[in-house]
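To keep things clear, I will list the structure first and then write my remarks on it.
The values are calculated or read from the model by the stated rules, or taken from the named source; none is laboratory data. Keep in mind that what you see is a predicted model, and the values were worked out from it rather than measured. All Cβ positions, even for glycine, are placed from backbone atoms using ideal geometry, and neighbour counts span all protein chains on display.
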Amino acid sequence: MALTAAQQKAQANRNTIFVEDGKVIAVETFPGDQFVSRIHAPKCAEAARPGTFVHLTCDESLPMRRPLSIMRVGDGWIEVLYKIVGQGLRLLSQKRVGDTLSVLGPIGQPFRMSAGRPKTLLIGGGVGIPPMIYIADWLRRDTADWEPLAILGSEIPFPFPLLASQLEAPWLDRDINATMPLLESWGIPCRLATLAGFDGCFDGYVTDLADRWLSDLDATALARVAVFACGPTPMLEAVAELAARYGLPCQVSLEEYMACAVGGCAGCAVRVRTPEGDAMKRVCVDGPVFDASTIVW
């Protein structure tokens, strides 16, 4: 008997998600109750791709896991960035080097890069920054000639020290030069946007800053641009509208509350346009990455 499309997809996802005991090997603390934790989880690290995430057990006293985007992957480890917004992440923030966490992952559909559009515009807002860092890291390690630009936004202090970039941005005033040190060390241009008045940052939304860059490109350059974004839903909707105005392909990673994170509970479902009509898709396994033009905002 022939398998249905759903059965074929389920079989393709077998043996791609792992459960392992991850050991905390580093923790960094930043203003605004923000943390970066590095966790030794070799199976997850091996299978992870930009846009995938993990479901972590924050503490033995809390049965429900928490979903967190993967920011970086190294030799057997993953990094996650998170901000305390409830009891679960508060407990996670109290974990120290040597502590063990249950790691379920990597989960979800990753971003899809196209060599035909090497000018990758990476837009991250708040805790939506990590997937953009992961894409940038992935691209710099690839052999193709990618031309990434990262635009990151935050209304609280950024989860990294601000650095005056030495990488030129002729489309901007020279005093708008704040960047992320990690991206600067990789040679990847980055500019920051905020309404909080941080030194060296663009005064406005990430979409305003992205519009400034896109408006400076001619038709030939625009034909080489693809947009990738992660952040709060209103920001993603604005990014989708911006990409549509310029006729650009755009992929977004959605943020939703999750219970199981493996497709069983359907608590994270969103409405998506399909060739057969509108349908409810699960952010955890059908996403979190979707074509922005298909989302019913």
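Listed values, structure above:
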item: Residue match in the stretch 276-290 (condition: part of a loop (DSSP other than H, G, I, E, B), within 18 Å of Leu149 (Cα to Cα) and either among the charged types (D, E, K, R) or not assigned by TED's automatic domain parsing to the domain that holds Pro50 (or both)); result: no
item: Residue under evaluation Val80, criteria (1) within 28 Å of Leu149 (Cβ to Cβ); (2) without any contact (Cβ under 8 Å) to a residue 24 or more places away in the chain; (3) not charged (D, E, K, R), criterion not met; result: (2)
item: Residue, nearest to the chain's Cα centre (by Cα), within the stretch 243-257, restricted to residues that are in contact (Cβ under 8 Å) with a residue 12 or more places away in the chain and either surrounded by fewer than 14 Cβ atoms within 10 Å (Cβ to Cβ) or outside any loop (DSSP other than H, G, I, E, B) (or both); result: Ser253
item: The stretch 269-297 residues that are among the β-branched types (Val, Ile, Thr), paired with ones that are surrounded by fewer than 21 Cβ atoms within 10 Å (Cβ to Cβ) and part of a helix (DSSP H, G or I) (beta carbon under 6 Å, 6 or more apart); result: Val272/Thr294
item: Leading residue by the ranking (nearest to the chain's Cα centre (by Cα)) among those in the stretch 172-197 that are part of a loop (DSSP other than H, G, I, E, B), loosely packed, with under 15 Cβ neighbours inside 10 Å and in contact (Cβ under 8 Å) with a residue 12 or more places away in the chain; result: Gly187
item: All positions within the stretch 58-76 that are in contact with a helix residue (DSSP H, G or I) (Cβ under 9 Å, 6 or more places away or on another chain) and either crowded, with 20+ Cβ neighbours inside 10 Å or touching a residue at least 60 places away in the same chain (Cβ under 8 Å) (or both); result: Cys58, Met64, Arg65, Arg66, Leu68, Ser69, Ile70, Met71, Arg72, Val73
item: Residue that is surrounded by the most Cβ atoms within 10 Å (Cβ to Cβ) [pool: residues in the stretch 135-158 that are in a loop (DSSP other than H, G, I, E, B) and touching a Gly at 6+ places or on another chain (Cβ under 8 Å)]; result: Ser154
item: Any hit, the stretch 93-100, residues being among the aliphatic types (A, V, I, L, M), not assigned by TED's automatic domain parsing to the domain that holds Cys284 and not in a loop (DSSP other than H, G, I, E, B); result: no
item: Scan of the stretch 50-65 for residues that are part of a strand (DSSP E or B) and at pLDDT 95 or above, ordered by number; result: Phe53, Val54, His55, Leu56
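The rows are residues; the columns are (1) buried (at least 22 other Cβ atoms within 10 Å of the Cβ); (2) of a type in the set (Phe, Trp, Tyr); (3) modelled with pLDDT of 95 or more; (4) under 21 Å from Lys119 (Cβ atoms).
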{"residue": "Trp213", "(1), (2), (3), (4)": "no, yes, yes, yes"}
{"residue": "Phe228", "(1), (2), (3), (4)": "yes, yes, yes, yes"}
{"residue": "Glu241", "(1), (2), (3), (4)": "no, no, yes, yes"}
{"residue": "Ala259", "(1), (2), (3), (4)": "no, no, no, no"}
{"residue": "Arg273", "(1), (2), (3), (4)": "no, no, yes, no"}
{"residue": "Ile295", "(1), (2), (3), (4)": "no, no, yes, no"}
